[in-house]
Amino acid sequence: MRKQFIEAWSKMINKLVSWLDAIIVNLPNIIIAIIVFISVIFISKYVNKITLRILDKGKLQKSMKNVISKLMAMITVLIGFLLILGILDLSKTLNTILAGAGVAGLAVGLALQGALANTYSGIILSYIKFVKLGDWIKSNDYEGEIVNIDLRAVTLKQIDNNLVYIPNKQVVENAIKNYSRTNTSRVILDCGVGYESDLDFVKKLAVKTITNHFDSVESESEVLFLYKEFGDSSINFELRYWINSTSGLEVAKSKTEAIIQLKNAFDKNNINIPFPIRTLNIPDMKLGDRILTIAK
């Protein structure tokens, strides 16, 4: 037992001595590797700042500029890491690390498939010219101003000042309606008048009211008035005109003002805007018939 212990102790001492010899032999390389490591850290920070300065001249989203600059810094550190492995003559270790990274990358890719899809979609959105910060868009049944685009979601500020976070993947895969790509927006207003109304007079009055009230409408020819159908209680029409705004909120305000002005004009000219009415015709019945009906 004592002999085995002495042999084990001797082997351990020999191993430590061999390691110490290896350290002494490779001490210059180790010192160089440490210097390279410290240099790479400072260089990566410098690369981060330089990349941000270059990207500030472009039109990318701020969040994407930060991501790209950090990615460039990480690439710099990775290059420095590979250089250090070469200095220390650890090429075999490098092969092992690369093999392990491949297996780990596959596992992580499968586990984070949804997150990676959002990240990829976020990169795509940052390069799309017709979707920018400050644009008023409608996507996935949500409408609002784009206040942020990152690697996870697009943030919209709605009319009620609430924020909606839409995953990037859903924005890329579905239709996007951008109200801010043009200088004007169309206001569409639906209404109806009673069957007893003079339709020609209603049309002229509605067009004149919109033209006189909104500065963006320069002439009556710019207002589109269309009768749509014979409704249950009214003859329905559609009124369309343009305003100098791309904001959904401004469109809603203009529509509200148009409703007020049309209602006032119709009231002054005794034009009825009817609400749905349902008439029930009950045939005359004798008292005995009523009693018989109730009895049934």
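The values are calculated or read from the model by the stated rules, or taken from the named source; none is laboratory data. Worth saying up front: this structure is predicted, and the values here are computed from it rather than measured. When we count neighbours, we look across all protein chains shown, and the Cβ atoms used for this are built from the backbone with ideal geometry, even at glycine. Note: accessible area is taken over every heavy atom of the protein model, side chains too, but ligands, DNA and RNA are not part of it. Shrake-Rupley method; radii C 1.70, N 1.55, O 1.52, S 1.80 Å.
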Report summary line: For the range 200-253, the per residue accessible area (1.4 Å probe, Å²) is 59 Å²
Report task. Please report the Cα spread of the range 215-265 along all three principal axes, rounded to whole Å, starting with the longest. Result -> 35, 23, 21
Query raised in the report: What shape does the range 139-282 take by its C-alpha gyration tensor, where a ≥ b ≥ c are the square roots of the eigenvalues and a/c under 1.5 counts as rounded, a/b above b/c as prolate, and the rest as oblate?
Result: prolate
Requested in this report: Return the ratio Rg/(2.2 N^0.38 Å) for the range 166-218, where Rg is computed over Cα atoms only.
Outcome: 1.88
**Report entry** Ranking by accessible area, most exposed first, for Phe275, Phe37 with a 1.4 Å probe
**Finding:** Phe275, Phe37
Report task. Please find the FRET efficiency linking Asp89 to Asn161, where r is the Cβ-Cβ separation and R0 is fixed at 45 Å, and quote it to the nearest 0.05. Result -> 0.15
Report summary line: For Lys263, counting only aspartates and glutamates whose alpha-carbon sits under 15 Å away and dropping same-chain residues fewer than eight positions off, the answer is Asp190, Glu238
Query raised in the report: Among the aspartates and glutamates, which have Cα under 19 Å from the Cα of Lys268 when same-chain residues fewer than 8 positions away are ignored?
Result: Glu196, Asp198, Asp200, Glu257
Query raised in the report: Relative to the compact globular guide of 2.2 N^0.38 Å, what is the alpha carbon radius of gyration of the range 134-195, as a ratio?
Result: 1.40
Query raised in the report: Which entries in the list Lys204/Lys228; Lys45/Lys65; Lys70/Lys157; Lys203/Lys255; Lys65/Lys138 go over 20 Å, if you measure between the two C-alpha atoms of each?
Result: Lys70/Lys157; Lys65/Lys138
